[in-house]
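Student: What follows is a single structure, and I will ask about it in a moment.
Derivation of every value follows stated rules applied to the coordinates shown; laboratory data play no part. Quick caveat: nothing in here was measured; it's all calculated off a predicted structure. Note: ideal-geometry Cβ built from the backbone for every residue, glycine included; neighbour counts use all protein chains shown.
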Amino acid sequence: MDKVYIDNSRQSQTVELPKYGEVKLIVKDGKVVQYVVIESHIVSKKEC
């Protein structure tokens, strides 16, 4: 899995990227203040 590293003056955080989905970074004054990871799952046609 790929990762995104977020560094700031207080701490470093690692965000693992989902296989399918999205990562939303909330930025204020050039700094990441919040992040949201939404993981999606693919449903195969056989399961429908």
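Student: What fraction of the Cα pairs in the chain, stated in percent, has a spacing above 18 angstrom?
Tutor: Across the chain, Cα pairs with separations above 18 Å total 42 percent.
Student: Further question: Charges at C-beta only: +1 for Lys and Arg, -1 for Asp and Glu. How large is the resulting dipole of the chain about its Cα centre, in Debye rounded to 20?
Tutor: My answer is approximately 60 debye.
Student: Then there is this: ³J(HN,Hα) across the stretch 9-21 via Karplus (A = 6.51, B = -1.76, C = 1.60, θ = phi - 60°), whole Hz, x for Gly/Pro?
Tutor: Going residue by residue, I get 5, 8, 7, 10, 10, 10, 10, 7, 7, x, 4, 10, x Hz, with x marking Gly and Pro.
Student: Now for a different question. Mean separation of Cα pairs under 8 Å and 6+ residues apart, divided by the residue count of the chain: what relative contact order is that in percent?
Tutor: About 28 percent, as a whole number.
Student: Evaluate E = 1/(1 + (r/R0)^6) for Val27 and Lys3, where r is the Cβ-Cβ distance and R0 equals 25 Å; express this FRET efficiency to the nearest 0.05.
Tutor: 0.85
Student: Leu17's amide H: which non-local residues (gap 5+, or another chain) put their own amide H closer than 5 Å, with H modeled 1.01 Å from N in plane and none for Pro or chain starts?
Tutor: Counting only residues 5 or more places away or on other chains, the set is Asp2, Lys3, Val4.
Student: Are any of the pairs Lys3/Lys45; Lys3/Lys31; Lys3/Lys28 more than 28 Å apart by Cα-Cα distance, and if so, which?
Tutor: Correct reply: Lys3/Lys45.
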